[in-house]
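The values are calculated or read from the model by the stated rules, or taken from the named source; none is laboratory data. Remember, predicted model here, so these are calculated numbers, not experimental data. When we count neighbours, we look across all protein chains shown, and the Cβ atoms used for this are built from the backbone with ideal geometry, even at glycine. Note: areas computed on protein heavy atoms with side chains; ligands, DNA, RNA excluded. Shrake-Rupley method; radii C 1.70, N 1.55, O 1.52, S 1.80 Å.
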Amino acid sequence: MRFLRHAYERFADLLHELAKFGTVGAFAFVIDVGGFNLLHYVLGWWGPLTSKVVATAVATTFAYFGNRYWTYRHREQSGLTREYFLFFLLNGVALLIGLLVVGFTRYTLELADPVSINVANLFGIGLGTLFRFFSYKKWVFLAATEDLDTPRELPEADNARTRETR
């Protein structure tokens with residue numbers, strides 16, 4: 001029975017975390033896709049790959065703060081610099097996945113219409129999201145090394161001093 005309860009709790013925690021990750025991701029998705037289309041099609045400032053990089057950088061910054069301070073706030077904080085660096089490094093890998101899909105569609109398949117490019121963008125975002133979810137948990141937002149809800153025991157040396165003063 002204890003095994004089932006533990007399995008249920010882990011599954012419930014995972015679902016809760018996944019829902020928060022999805023919510024942050026949905027907002028980042030709107031920033032990414034909206035920014036991409038704004039920069040490439042509406043304003044015409046850059047080509048599809050540069051527009052994708054800029055839009056993804058803005059969306060990634062939003063996603064970092066949303067995930068750090070909401071989705072994974074219960075996890076250890078291993079330093080803003082370390083987390084931010086790893087977060088952007090892993091998002092760089094996810095961006096590369098998206099760029100490969102968009103670049104393949106545009107330059108190999110020679111499909112330049114907005115529908116084809118946006119379908120490729122969405123597919124690349126989906127693949128990148130799968131990579132990000134698992135990599136954030138493994139390398140960026142680390143699990144707490146101690147249970148924060150239980151009182152900490154004194155180290156053995158402190159326990160000995162406490163016994164001597166009694």
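Below is a table of values for the structure above.
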item: Sites matching GluC sites (Glu not before Pro) across region 70-145 that sit in DSSP coil, with at most 11 neighbouring C-beta atoms within 10 Å; result: Glu110
item: Relative contact order %, region 28-96, counting alpha carbon pairs below 8 Å whose residues are six or more apart; result: 29 percent
item: Relative contact order (%) - criterion: Cα under 8 Å, at least six apart; region: region 1-55; result: 26 percent
item: Accessible carbon and sulfur surface of region 1-137 relative to its total accessible area, %, 1.4 Å; result: 73 percent
item: Å² per residue, accessible surface of region 1-135 at 1.4 Å; result: 60 Å²
